[in-house]
Structure formats: C-alpha cells, structure tokens
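Structure first, then comments.
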Amino acid sequence: MIKVTYIEINGESREVEVEEGSNLMDAAVDNMIPGIDGDCGGVCACATCHVHVDAAWKNKLEPMGETEDSMLDLTDSRDESSRLACQITATAELDGLVLRTPTGQH
Amino acid sequence: MNETAIIIGGGQAGAQTVVSLRREGFSGRIVLIGDEPDLPYQRPPLSKAYLAGEMPKERLFIKPAAFYEKINVECLLGETVVSIDTTAQQISLESGLKQSYDHLIFATGGRVRRLNCSGANHPAVHYLRTLGDVEAMQSKFAVGTRLAVVGGGYIGLETAAIAAKHGLDVTVLEAQPTLLARVACPEVGGFFQSIHQQAGVSIHCDTLLESIEDEGANVAALITNKGQRVLADMVVVGIGLLPNVELAESAGIACDNGITVDEYCRTSVANIYAVGDCTNHPNPFYQRRMRLESVHNAIEQGKTVAASICEKDKPYAQVPWFWSDQYDVKLQTVGINMGYDQTVVRGEPDSRSFAVFYLKEGRLLAVDTINSPAEFVAGKNILTKGLDVSIERLKDVTIAAKELVEE
C-alpha cells in the first residue's frame, strides 16, 4: 500500500491508501474522490480522469504514451502537469504522491 | 425537498442519473431499481478482460456499494417493475410493492436479439449482455475450446479477439459481405478481418447461419447456407440489441425504435424521462433522431436528465463517440457515418495505425481511428465545432492531425 493525496480545486485534501499495481483512477473511484469520473473504466478512451501532478513528482512517473498525450487535448485545462489518472500505476516510488483534480472533467 | 425520483434500470445510465441528481442538488428520495442482482457495473469489459478472467468482479462496479449509502440512494436489486400508473404517479413491482414517484426515469437499456433458427436453444449457445451471461461462459473459456461467434460486430469481434488471445479455436460467421458492416466502411471491416485472421481466427463473411444441430456432449454444429458444418463447444451470438420499451409502451409513453424523448430527456408523459440505450433522442449535430448504444450517451443523458429534474435545463448536444479494444488495436470512432457518400483514408492500414474520415457532400460526418488517437481528437474537434475540412489535407500525413482543425 502507498499513500496518495488528492486535492480538490477548493483545496480540500484527501489522503488514501492505494494498493501497488492499481491505477490512480480506480483508486479515486473506490475512495469516492470527487472530481474524477473515469467514464471509460480506465482504457484511456474518455479523458475524464484528468489530474494535475505536483511538480516534485512529475519526473517520477512513467512517461505518458501517445494515446494519453492525444486524449489530454480533449480536457479543458491541460497544462505541463496534466496526466490521466488511469494511466498512472501505483508503485512504491510514488508513495506520498500528490494529485490535484481540475475544476471539472469535460 | 420531499420529492421522490425513481430510476428503472441499474446500468450505466441509471448509475449516472443518481450521481448527477445529487451533483445537481436533488435532495429528495432516490430509488434505483435494477432487475439484475448486482449494483451498476460497466458492460464494456464483459466482452474483453472480464470474460477472460483477467479482471476481478469488484473492478466492474461503476461505484462501490458505500458510495450509494453515502449519497443516500436506495438500491432495489433483482426487482422488476411490472406496471406504471401515470395518473397516480405510482409504479408496481413484481414483488407486489408499490412506490409513488414525482419523477420517473427509464434507464431500461436493451436486451440481446436472439437467434430464431432451428436449434437456437442448444445449451452451447450463449449471448453476451449481462454479468450473468458472462459468468455462464467463463468455465468454458479455456485453451482448445472451439468457439463459434455469430455476428461480426463489436461484441462478436471483441469476444473473438480475447478468445484467440487465450488459445481458443475461434470461427466467426457474419451475414454481411464485410465485418462491422453496420457501423463501418469496407476498408475498416477488411482491416479487422485481416488482424483476426493473423491471430488465427477463421472468418466467414457473407455466411448465414441456417440451423444448429446437436452433436451430443454439449457440442453444437452450426450449419451455414454455404453447406459448412462448424462444430463448437461454445457459441456466442452478437447480432444486436433490442431496446427495452415494452413497459413504457404499456404505460402509454410514445416509442419508436426506443422511448421517444426530447433534448431534455423528457418522454411524451409528464414527469417521466428516459436515458441511455433505450432512448430515441434528437441530435443537433446531425439534425435527426437516433438511438445509440454507448457508454458516452448513457453518461451524458444521465447528466441531462438530472439537470432537467433540477430545473437547470441543459439540452443534450453531444457528438457520439465509441471505442473498441481488440488485440493491440484501439478503434476509436467519433460521429455517426450514416449516409456518407465518400471516405478518405489517412495513413496505411498495414501499419496498424490509420484513420477513415466519412463525409457527405464534403462535410465531415464521422471518423474511425485505428491506433490514431490524435486523429480521434481532431475529428471530435472538427465535428463539435462544425468546421470545414479539406480532403487533400486529410490525406496528407505530413500535416499533423492537430493542424487538420482549421478554425
């Protein structure tokens, strides 16, 4: 288990425990984190699990694939820190990761 | 608020409706009635990872059980609504229970179209729509099982792909001359035929199933119009979906290939709404009515109906999109190609990465993208914004997909 913190746009913060190997969209849905939809169930087809990754963590994540990169263009507030939570797998190195959810999923 | 909203149907659209009702501020009582024993779950993995046992059951659920408690939704599972009194605003359940409503939402989805040939009730014959359907198949899903798939649409081909990957011996029978004939052009159908054949799947297009004979030991023999006799330990039939409209019809609600709704998901009867696969709804981008079988539509109509009930009218205006995962291929479609008079292929099908643009009188209707997410995004932007396209530019792969969106 690792700890991941999701921070809502209003500043509300929730730390949850995530099993290694799970993706961080599933973890958000399981823990009833508001602001993450995950409409397609985690197959990188909908871009409704958009999150912003805190700068300190960005380089510790696996680089994004072509599909994720393209699908992020459908989101409303893409920036340098944007990722899709379904494409981030919980690993020991990510213990303590902080993700911020956007104003809304498109 | 002491109003009651009742949702009939515990699929993707029903689940989204309860989520969105609370998000929009509905504070009354919410009752979700599903005729299956399980909480709302995702159907797309049923013909893919879940069938192969690659995905635990808990992962299928759209929301955990605790979520419904947290947002105070009563889930009545394994219950069927048998009649509706639209004057008294009351529903009757098979169990005898009656419930009054202020707002009633049909999220009744569809049921599989069944074979009607002789031998159609053979025990080897399965359909694929519900968790129960898949659980009944999983024990036969093993290396060497002879699987015959009837119908070369999305469900049939996804089943064929996951089965071939797991070492089953797969044959697909399709009545039309090409695969995916109802939804895609021959180029796309041909591409899927080639990737299935490369994976060892035997594909027979232009082939009608005439009857099923019993070979004993639970083995079926599929007899085709071409005189073939295909032996199968398991038959999976994917020949389409019929909208569940009978309850609505019996309540006097207008139906026509689905429950007829307006852009606010309102039916012809006051305080009754419908969402998801069961609806025949107007689409402003195509300026006509349509019935869609898709996760996206289920979710967006769930959001629309919640806004309507909370008097924050947000008319439904969506360009439809779909996806299908088979082998290493992700097919993403945006738009509806019905009525196209021209196709433009961008990229090389042999590279397993290309897109087909469907046009009518020079205007873009839809795009099928195969392992080409940038073209999917570009197509979605072009369709949503109603932009013009240049056929020469669409064909030119030296122009990045993003640059195809000319504002």
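The numbers here are math on the coordinates, done by the rules we state, and not lab data. Just so it is clear, the model here is predicted, and its values are computed rather than measured. All Cβ positions, glycine included, derive from the backbone under ideal geometry; neighbour counts span all protein chains shown.
Listing for the model above:
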{"item": "Helical contribution to [θ] at 222 nm, DSSP H n ≥ 4, -39,500 (n - 2.57), averaged over chain B, rounded to 500", "result": "-6500 deg cm²/dmol"}
{"item": "Flagged links, alpha-carbon separation over 32 Å, of B:Lys303/B:Lys385; A:Lys58/B:Lys63; B:Lys312/B:Lys385; A:Lys3/B:Lys312; B:Lys70/B:Lys314", "result": "A:Lys3/B:Lys312"}
{"item": "Relative exposure of B:Ser47, B:Ser250, B:Ser194, judged by other C-beta atoms within 10 Å (fewest first)", "result": "B:Ser250, B:Ser194, B:Ser47"}
{"item": "Qualifying aspartates and glutamates (Cα of each under 16 Å from Cα of A:Lys60; at least 8 residues distant if same chain)", "result": "A:Glu20, A:Glu80, A:Glu93, A:Asp95"}
{"item": "Sequence of B:Glu406, B:Glu311, B:Glu174 once ranked by neighbouring C-beta atoms within 10 Å, starting from the fewest", "result": "B:Glu311, B:Glu406, B:Glu174"}
{"item": "Only Lys, Arg (+1) and Asp, Glu (-1) charged, at Cβ; region B:281-407 dipole about Cα centre in debye", "result": "420 debye"}
{"item": "Nonlocal amide H pairs with B:Val172, under 5 Å, H built at 1.01 Å", "result": "B:Val149, B:Ser202, B:Ile203, B:His204"}
{"item": "Quarter of Cα convex hull surface for the protein assembly as shown, i.e. mean projection, nm²", "result": "24.8 nm²"}
{"item": "Exposed-site-free run, longest, chain A (rule: GluC sites (Glu not before Pro); DSSP loop; at most 14 other C-beta within 10 Å)", "result": "A:21-79"}
{"item": "Rounded Å value of the spacing that divides the Cα centres of region B:127-146 and region A:1-39", "result": "33 Å"}
{"item": "Residues whose placed amide H lies under 5 Å from that of B:Thr178, excluding near-sequence neighbours", "result": "B:Asp206"}
{"item": "Values of log10 I(q)/I(0), in the order q = 0.20, 0.22, 0.23, 0.25 Å⁻¹, for region A:21-76 under a Debye, Cα-only, solvent-free model", "result": "-0.82, -0.99, -1.08, -1.23"}
{"item": "Region B:290-367 shape via C-alpha gyration tensor axes, a/c threshold 1.5", "result": "oblate"}
{"item": "For the protein assembly as shown, with +1 on Lys and Arg beta carbons and -1 on Asp and Glu, the positive-most of B:Met290, A:Ala45, A:Ile88 along the dipole", "result": "B:Met290"}
{"item": "Net dipole in debye of the protein assembly as shown [+1 Lys, Arg Cβ; -1 Asp, Glu Cβ; about Cα centre; nearest 20]", "result": "600 debye"}
{"item": "Other-chain or far-sequence residues with amide H under 5 Å of B:Tyr41's (modelled H)", "result": "B:Ile62"}
{"item": "Dipole of region B:83-165, positive direction: furthest Cα of B:Asn116, B:Gln90, B:Thr130, with charges on the beta-carbon", "result": "B:Asn116"}
{"item": "Centroid-to-centroid separation of region B:65-124 and region B:167-235 [C-alpha atoms, Å]", "result": "34 Å"}
{"item": "Cross-link pairs beyond the 18 Å C-alpha cut-off, checked among B:Lys48/B:Lys165; B:Lys48/B:Lys380; B:Lys140/B:Lys165; B:Lys48/B:Lys330; B:Lys360/B:Lys402", "result": "B:Lys48/B:Lys380; B:Lys360/B:Lys402"}
{"item": "Backbone HN-Hα couplings from phi across region B:87-95 [Karplus 6.51/-1.76/1.60, Hz, Gly and Pro as x]", "result": "7, 7, 6, 9, 10, 10, 9, 4, 6"}
{"item": "J(HN,Hα) series, region B:44-51, from Karplus relation 6.51 cos²θ - 1.76 cosθ + 1.60, nearest Hz, glycine and proline x", "result": "x, x, 4, 8, 10, 4, 5, 4"}
{"item": "Order of B:Ser324, A:Ser81 - criterion: other Cβ atoms within 10 Å of each residue's Cβ, fewest first", "result": "A:Ser81, B:Ser324"}
{"item": "Residue-by-residue Karplus 3J(HN,Hα) for region B:338-344, coefficients 6.51, -1.76, 1.60, Hz, glycine and proline x", "result": "3, x, 5, 10, 7, 10, 10"}
{"item": "Computed [θ] at 222 nm, helices only, for chain A once each DSSP H run of length n ≥ 4 contributes -39500 (n - 2.57)", "result": "-4000 deg cm²/dmol"}
{"item": "DSSP-defined beta bridges in chain B - what % are antiparallel, rounded to 5", "result": "60 percent"}
